[in-house]
1. From the phi of every residue in the stretch 203-214, what ³J(HN,Hα) in whole Hz does the Karplus formula 6.51 cos²θ - 1.76 cosθ + 1.60 yield, where θ is phi - 60° and glycine or proline is x?
2. Which residue, Ala222, Ala280, Ile127, has the largest displacement toward the positive end of the dipole of the chain when charges sit on each Cβ (Lys, Arg +1; Asp, Glu -1)?
3. Once every DSSP H run of n ≥ 4 in the chain is given -39500 (n - 2.57) and the sum is divided by its residues, what mean residue ellipticity at 222 nm do you get, rounded to the nearest 500 deg cm²/dmol?
4. So for Ile200, Ile195, what's the accessible-area order with a 1.4 Å probe, most first?
5. Hey, what's the chain come to in accessible area per residue, 1.4 Å probe, Å²?
6. Using a 10 Å cut-off on Cβ atoms, rank the peptides 121-134, 289-302, 95-108 from the highest mean neighbour count down.
7. Please arrange Glu176, Glu254, Glu28, Glu87 by accessible surface area, largest first, computed with a 1.4 Å probe and ligands excluded.
8. Test of understanding: express the Cα radius of gyration of the stretch 26-300 as a ratio to 2.2 N^0.38 Å, with N the residue count.
Amino acid sequence: MSKYFIVWVLLFSAAALYTPSTFTPIGEYITPLLGVIMLGMGLTLTPADFRRILERPRDVFIGAMAQWLLMPTFAYVLAVALDLPWEIGAGLILVGAAPGGTASNVMTYLGRGDVALSVTITSVTTIAAPLVMPAWVVALAGESITVTFAEMAQSIVQIVLLPVVAGLILRYVLDEYAPSVAKAGLSIFPAISVIAIVAIVAAVVGLNVEEILTASALVFLAVIVHNGLGLSAGYGVGKVTGMTEDRARACAFEVGLQNSGLAVALAVAFFDPVTALIPALFSVWHNVSGPALATLFTRLDGETPIGDESATVSAD
């Protein structure tokens, strides 16, 4: 399942474009599906992973600062360089100012990065989003938006923290009392995660077919370049600052993969509906580029892709 992850994403995205009504009902289950994915990642973690994070907090700080500073800056420069209409450019800035998305955690997991570091950076950037997002949007787009801390806190608790903690506890219990079951779970859950991600992508495509089909080449270019800059710059920052390979990979995904779902919601609530176009396209594209980079990382390792029975996940 994970070996051909990108193939499944592209195949079902195309199917959703052809018959959106088949996949749009999944939209109601995106949050629970994300919870299942996060539970699976929680199963790969141990308390020792987070102790390592506490021993080296600089990597969390570097990753968060890179995301907060680079992605909004890239978005603004691209909006100006490509001379995007204000409504479209505001959508790109919203994506750039958004916190890390749960997709970054999943791709870090599949790309053999440091999952504990990824989850920690996602948590930090999401908690700070009520301050960071409005500040960037006001500074770059010249519009004021309101994001309540309660909304953001509820999102991170439901989608990230609770499932991951549940996975951690379940892993601890299974390791203590049923290690063979724990090993089986580590083999099965990656496939479940792939199925859940593919379902979410298909739902996003199905729900945004009209916007996707009417988008101009310039808009697609903005999305692809913005995402590519984030992934490459995140990895580069990690390597330049002396992070280990697995942590540099986590930094790449954290910087490059945004919470585009939040950007879509804010665009619809506070801007012109067309502002949601780029966030919607980003939701699809980063679930293509993310698996592609995760696959590249596993190939560079020369190891069996995660999800195969012999594979293991390391956060060392």
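1. The phi angles translate into 5, 4, 5, x, 6, 10, 4, 4, 5, 5, 6, 9 Hz.
2. Projecting each Cα onto the dipole axis, the largest value belongs to Ile127.
3. -25000 deg cm²/dmol
4. Sorted by accessible area, descending: Ile195, Ile200.
5. Each residue of the chain exposes 42 Å² on average to a 1.4 Å probe.
6. Per-residue Cβ counts within 10 Å, averaged per peptide and sorted highest first, yield 95-108, 121-134, 289-302.
7. Glu28, Glu176, Glu87, Glu254
8. 0.96
The values are calculated or read from the model by the stated rules, or taken from the named source; none is laboratory data. The structure displayed is predicted, hence computed values, not measured ones. Neighbour counts run over all protein chains shown; Cβ positions are idealised from the backbone, glycine included. Side chains are part of the model used for accessible areas, which takes the heavy atoms of the whole protein and leaves out ligands, DNA and RNA. Shrake-Rupley method; radii C 1.70, N 1.55, O 1.52, S 1.80 Å.
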